[in-house]
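Participant: Okay, here's the structure, questions in a sec.
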Amino acid sequence: MPQKAIEIILMRQLASYLAMPIMLFDPAGNLLYYNEPAEAILGRRFDETGEMSLEEWYALFELTADNGSTVPLQARPLVIALQKREAAHRAFWLRHADGSRRRVEATAFPLEGQGARHLGAVVIFWEADPA
Amino acid sequence: MRVTLWGTRGSLATPGPETVRYGGNTSCVEVCGADGTRLVLDAGTGIRRLGGTIGHEERVDLLLSHLHMDHIQGLGFFRPLDEPDQEVHIWGPPSTTLDLRARLGRYLSPPLFPIRLRDLPCRLTLHDVPLDGFEIGALRITVALVCHPGPTVGYRISEGGVSVAYLPDHEPALGARQFPDGPEWISGYDLAEGADLLIHDSQFSSAEYAQRVGWGHSAITHALQFAARAGVKRLVTFHHDPAHDDATLDRLIEEARGGERLPFDLVPGTEGARFELGA
């Protein structure tokens, strides 16, 4: 497996020290890393799962709006950060495969490296009060 | 490929009787290819003596790892820059806001230096170093941003199946929960992997490193661990701390070795040392 860009390595190291749930994605949307606080949201430890493909990541839970409708892909903060290279923020519900739900807010921002290298995106989750 | 160390000291030139063996000049390494191509890595104070060995008609390529003072201080005293019609190329990392010319111009201009970059008589070309690599003569140069404050790159120079990796200022252990981690999560790993010769930052003792985390440098033990994980054939310790005299460096390197049988040759980096690769 090739070495990650230095910006990705440093971002992971920073995330590993922070108390906020943070997830780190490559430009294709593959989940490269999530820290311990994020393990509580995902319900599994990074040491057990390692990196996760986009398909595996999407299979973990469903994203729904307050009215119960599925949040369209193009409206998800991660997708906006990766495709439009813009910061984005949104509140939604995460519904796990076991039916449990939790309301969260997510802030996503793109990682842009020197030389116009699009390196991926970071998503920070915030526990939100139920609407 | 021939590699010569013209300056091995870190941070500040440290001449004196107590540093004669390891040397007092700051970072400068010469790499010569089999076809005569000559690269100069960094322009620390060691570059002054090197400049005297370069013919007036030669093309010179100077590759800067970054623009901290100990890596550019010798630039104004590099003789080829003063030669009319000598072809000189300087390669270095850009910042996110300024190109290499603007950043070097901050040093090569009054009041820090009496001569401006634009007034040098040589035929000078400045290049923002391409992060996807490039070639000069028969030498293939791989470039990567590495962990050190400010825009900093490491280089890997390859020719005919042999390679030297140059990571003079590098803190791959910064923030790592475990070091060394998996190869994909180690700064500089791809540059160093399997290199015949690795020239790597070894500035601090382990005790000193604990007090200087985030300064951008490695403990000697980190350099050894990095070299082992990268599977290099030979490690040259480099960028010695100005506070370490020859006797101290001998002791610290032996302590870091710890009597262990290492999977590579450990060579304390001394000024004037020369390595023939692929010979």
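Participant: Give me the net charge of residue B:10's neighbourhood, meaning all other residues with Cβ under 9 Å from the Cβ of residue B:10; Lys, Arg count +1, Asp, Glu -1. Write out the running numbers ahead of the final one.
Facilitator: Working: positive: B:9; negative: B:70, B:169, B:201, B:241.
Every neighbour counted, the sum reads -3.
Participant: Checking the a/c ratio against 1.5 first, then a/b against b/c, what shape does the Cα gyration tensor give for the protein assembly as shown?
Facilitator: Prolate.
Participant: Okay, next question. Charges at C-beta only: +1 for Lys and Arg, -1 for Asp and Glu. How large is the resulting dipole of the protein assembly as shown about its Cα centre, in Debye rounded to 20?
Facilitator: Values: 38 positive and 54 negative charges, 105 e Å.
So the magnitude is around 500 debye.
Participant: Let me ask you something else. Which of the three applies to the stretch B:2-276, rounded, prolate or oblate, going by the alpha-carbon gyration tensor with a ≥ b ≥ c and a/c under 1.5 meaning rounded?
Facilitator: On the way: a/c = 1.55, a/b = 1.45, b/c = 1.07.
In terms of gyration-tensor shape, prolate.
Participant: Do the sum for the protein assembly as shown: with -39,500 (n - 2.57) for every DSSP H run of n ≥ 4, divided by all residues, what is the mean residue ellipticity at 222 nm, to the nearest 500 deg cm²/dmol?
Facilitator: Details: 11 runs with 83 residues, N = 410.
That comes out to -5500 deg cm²/dmol.
Participant: Let a ≥ b ≥ c be the square roots of the eigenvalues of the Cα gyration tensor of the stretch B:199-279; is it rounded (a/c under 1.5), or, if not, prolate (a/b larger than b/c) or oblate? Could you put the intermediate results ahead of the total?
Facilitator: Values: a/c = 1.63, a/b = 1.37, b/c = 1.19.
In terms of gyration-tensor shape, prolate.
Participant: Residues with beta-carbon under 11 Å from that of residue A:2, excluding residue A:2: net charge, scoring Lys, Arg +1 and Asp, Glu -1?
Facilitator: -2
Participant: Sticking with this structure for a sec: Once you average over the residues of A:6-16, how many Cβ atoms of partner chains fall within 10 Å of each Cβ?
Facilitator: Values: counts 11, 1, 2, 14, 5, 0, 5, 9, 1, 1, 3.
Per-residue shielding by partner chains comes out at 5.
Participant: Compute the acute angle (0 to 90°) between the alpha-carbon long axis of helix A:6-17 and the principal axis of greatest extent of the alpha-carbon atoms of chain A; round to the nearest 10°.
Facilitator: That helix lies at roughly 50 degrees to the long axis.
Participant: Additional query: Averaging over all projection directions, find the projected area of the Cα convex hull of the stretch A:16-131 and quote it in nm² with one decimal place. Please report the intermediate quantities before stating the final value.
Facilitator: On the way: hull surface 29.0 nm².
Dividing the Cα hull surface by four gives the mean projection, 7.3 nm².
Participant: Enter the angle in degrees (range 0 to 90, nearest 10) between the Cα long axis of helix B:220-230 and the first principal axis of the Cα atoms of chain B, meaning the one along which they spread out most.
Facilitator: That helix lies at roughly 90 degrees to the long axis.
Participant: Now, a different point. If you count the DSSP beta bridges with both ends in the protein assembly as shown, what percent of them are antiparallel, to the nearest 5? Spell out each step's value before the answer.
Facilitator: Working: 57 of 85 bridges.
Close to 65 percent.
Participant: If you don't mind, another one. From Cα pairs below 8 angstrom and at least 6 apart in sequence, can you work out the relative contact order of chain B, rounded to a whole percent? Before the final figure, lay out each step's value.
Facilitator: Working: 669 pairs, mean separation 53.2, N = 279.
Reported as a whole number, the value is 19 percent.
Computed from the coordinates by the stated procedures, all read-outs in this text should not be read as laboratory data. Small disclaimer: the values here were computed from a predicted structure and weren't measured. Cβ sites come from the backbone with ideal geometry, for glycine too, and all protein chains shown count toward neighbours.
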